[in-house]
1. Dipole size in debye (nearest 20) for region A:3-194 around its Cα centre, Lys and Arg Cβ +1, Asp and Glu Cβ -1?
2. If you place +1 on the Cβ of every Lys and Arg, -1 on the Cβ of every Asp and Glu, and leave all else neutral, what size is the dipole of region B:5-249 about its Cα centre, to the nearest 20 Debye?
3. Tell me which residues come under 5 Å, amide H to amide H, from B:VAL18 once H is placed; ignore anything under 5 positions away on its chain.
4. Just to compare against my own numbers: the Cα pair-distance distribution for chain A, 10 Å bins, whole % per bin, please.
5. Find how many whole Å separate the alpha carbon centroid of region B:87-162 from the alpha carbon centroid of region A:33-51.
6. Would you kindly derive the ³J(HN,Hα) couplings of region A:116-123 from the backbone phi angles with the Karplus curve 6.51 cos²θ - 1.76 cosθ + 1.60 (θ = phi - 60°), listing them in order in whole Hz, with x for Gly and Pro?
7. Kirkwood hydrodynamic radius, the protein assembly as shown, all distinct C-alpha pairs: what's the number in Å?
8. Name the residues whose placed amide hydrogens come within less than 5 Å of the amide hydrogen of B:ILE102, ignoring near sequence neighbours (fewer than 5 apart) on the same chain.
Amino acid sequence: MTVVLVDAGGTNIGSVRYALQRLGVDAQLTSDPARIRAASHVILPGVGAAAPGMRRLDEAGLGDVLRGLTQPVLGVCLGMQLLCERSEESDTVCLGLIPATVRHFVSKPGLRVPHMGWNTLERTRGHPLTASLVDGDCAYFVHSYAVPTGDYTLVSCDYGDPFSAVVARDNFMGMQFHPERSSSVGARLLAGFLAL
Amino acid sequence: MLSRRIIPCLDVRDGQVVKGVRFRDHLVVGEIVDLALRYRDEGADELVFYDITASPEGRRVDRDWVERVARAIDIPFCVAGGIRSVDDAREVLHAGADKISINSPALERPDLIGEIAEAFGVQCVVVGIDSLRDEDGQWRVRQYTGDPSRTRALSRRTLDWMIEAQERGAGEIVLNCMGTDGVRAGYDLEQLMVARELCTVPLVASGGAGKPEHFVDVFRDADVDAALAASVFHSGDIAIPVLKRALRAEGIEVRL
């Protein structure tokens, strides 16, 4: 197994790498198209903003590389949002792999933005990636933008309205929360991805 | 449902966890990674590490221990202390911290809040506010509280600063109520309730936890998103699993 982390300038790259190390996998950080294409599993971590994230991928010529991948690809947090068609964050055109538009949370009374903390995961569709989830499992979220629910939603979460916590379309998957910071639940989900 | 968070706070000085009463007289309570792992195992939802000597001495946090913590634990953590620039923030975030908290340097140069939010997103920018009530009844901000000999009382009102910090891009506010800190008589509900009214981002209560009922009160009455405490956890007087069961029994959503 060769797992690579694609460098989109996210600040959680180290944390994702350490989480994989705790699972016994040494993932290398790269922006080399050949190494990305040759990997068995590709992870796009991300913490930051959509526009600089896409700019960094485009400047490295990685947009088409990612779109052309056939092995399992996992976007984490912003990485998942970048898999979508576009983001309301600075009206950014994204990779177009998940048919959705990323929306800003609308602040309501009692609903603080960013959505920050441990929230309950609700499985909406069966998939090998999320087979380990059990009722009541929580994951750690930190985000101001979210992907609405749709056919691609595997797991939803509720914050004012339901939104996508885990998405999948063909070999492209995404987790809005931080599996690398979601304790044993996150470790199980990452192990589920590595087992694909 | 979104859980209320329990956050042990580890004050770090010279690479060890210390605790003082009313921000003074620091005693060593343990090694950083050992305590981080202990709290993770007990069910802490997040950890905050404050390098309490960093700002007064004008030095930055030593990032070695940040990376050691990031490798060891699988819950989020925030690092505070001496982060004065986007480069400082990047260094700590790249070492594996999930959030950075700025306090005295944000008071020195408020533009710092927006600069870090612009570079990394508002979700990783926490603004810590040390607040004390003055004789005229107003809560005002204190600066450099890590070192009593350098602590300064500012003319800036706590609530004005909190609003300004949010407008500039703070993604979370930690309100350290210095009047109740270390005396274990409960959180400063009065101040936190007023702050909650004006705070649109997550609000973390800090200072005063002594008993599980204090956590019930602060979540129920002040509607804070998280409660931070140090000495009651370090001493073992409150065990996190016991605390969480007590909160759930009172109908407060927590992660068990």
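1. Values: 16 positive and 18 negative charges, 52 e Å.
My answer is approximately 260 debye.
2. Working: 31 positive and 42 negative charges, 68 e Å.
With only Lys, Arg, Asp and Glu charged at Cβ, the dipole is about 320 debye.
3. Placed amide hydrogens put B:ASP11, B:VAL12, B:ARG13, B:VAL29 under 5 Å from B:VAL18.
4. Over chain A, the share of Cα pairs per 10 Å bin runs 10, 41, 38, 10, 1 percent.
5. When both Cα centres are located, 34 Å separates them.
6. Along region A:116-123, the couplings run 9, x, 8, 10, 6, 9, 10, 6 Hz.
7. Hydrodynamic radius (Kirkwood, Cα pairs) of the protein assembly as shown is 22.0 Å.
8. Residues meeting the criterion, in which the H sits 1.01 Å from N, are B:VAL126, B:VAL127, B:GLY128.
Quick note: the coordinates plus some simple rules give every number you see, no bench work behind them. If you're wondering where the values come from, they're calculated on a predicted model, not measured in any experiment. FYI the Cβ positions are ideal-geometry reconstructions off the backbone, even for glycines, and counts take in every protein chain you see.
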